[in-house]
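Note sheet for the following structure.
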Amino acid sequence: MQDIYTQLFNSYAHDVQRHLKMAEDETVERLVQLIPMSGEDKVNLADQLTGLRTLCCAESLALGIGIGLRLSQEIIAF
């Protein structure tokens, strides 16, 4: 069963997550270059973005679990 989940992740989520991470890193780098900030402010920005990323990852996990549970209920129904 683990192989099925791995295949599904690789098929649907892996590339999307990789591209999103690259886009996020590029955006943060441009933002830091465009906005004149002190070193302390850069650290604060990085902390805030890390917090946002953690929140988004938790929300994505919750959505994924919800979808998985609904799919499993539909499979069991058949």
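Within the range 1-16, if we keep just the residues that are open to solvent by 100 Å² or more (accessible area, probe 1.4 Å) and in a helix (DSSP H, G or I), the residue that is nearest to LEU71 (Cα to Cα) turns out to be TYR5. If you go through the range 37-46 and keep only what is outside any helix (DSSP H, G or I) and polar (S, T, N, Q), you end up with just SER38. Pairing residues of the range 40-66 that are surrounded by 11 or more Cβ atoms within 10 Å (Cβ to Cβ) with residues that are of a type in the set (Ser, Thr, Tyr), at Cβ distances under 8 Å and at least 6 apart in sequence or on separate chains, gives no pairs at all.
Counting only residues that are in a helix (DSSP H, G or I) and open to solvent by less than 80 Å² (accessible area, probe 1.4 Å), which one in the range 17-36 is nearest to ARG53 (Cα to Cα)?
Selected residue: GLU24.
The values are calculated or read from the model by the stated rules, or taken from the named source; none is laboratory data. Small disclaimer: the values here were computed from a predicted structure and weren't measured. Every residue, glycine among them, receives a Cβ derived from its backbone with ideal geometry; neighbour counts consider all protein chains shown. Only protein heavy atoms, including side chains, enter the accessible area calculation; ligands, DNA and RNA are left aside. Shrake-Rupley method; radii C 1.70, N 1.55, O 1.52, S 1.80 Å.
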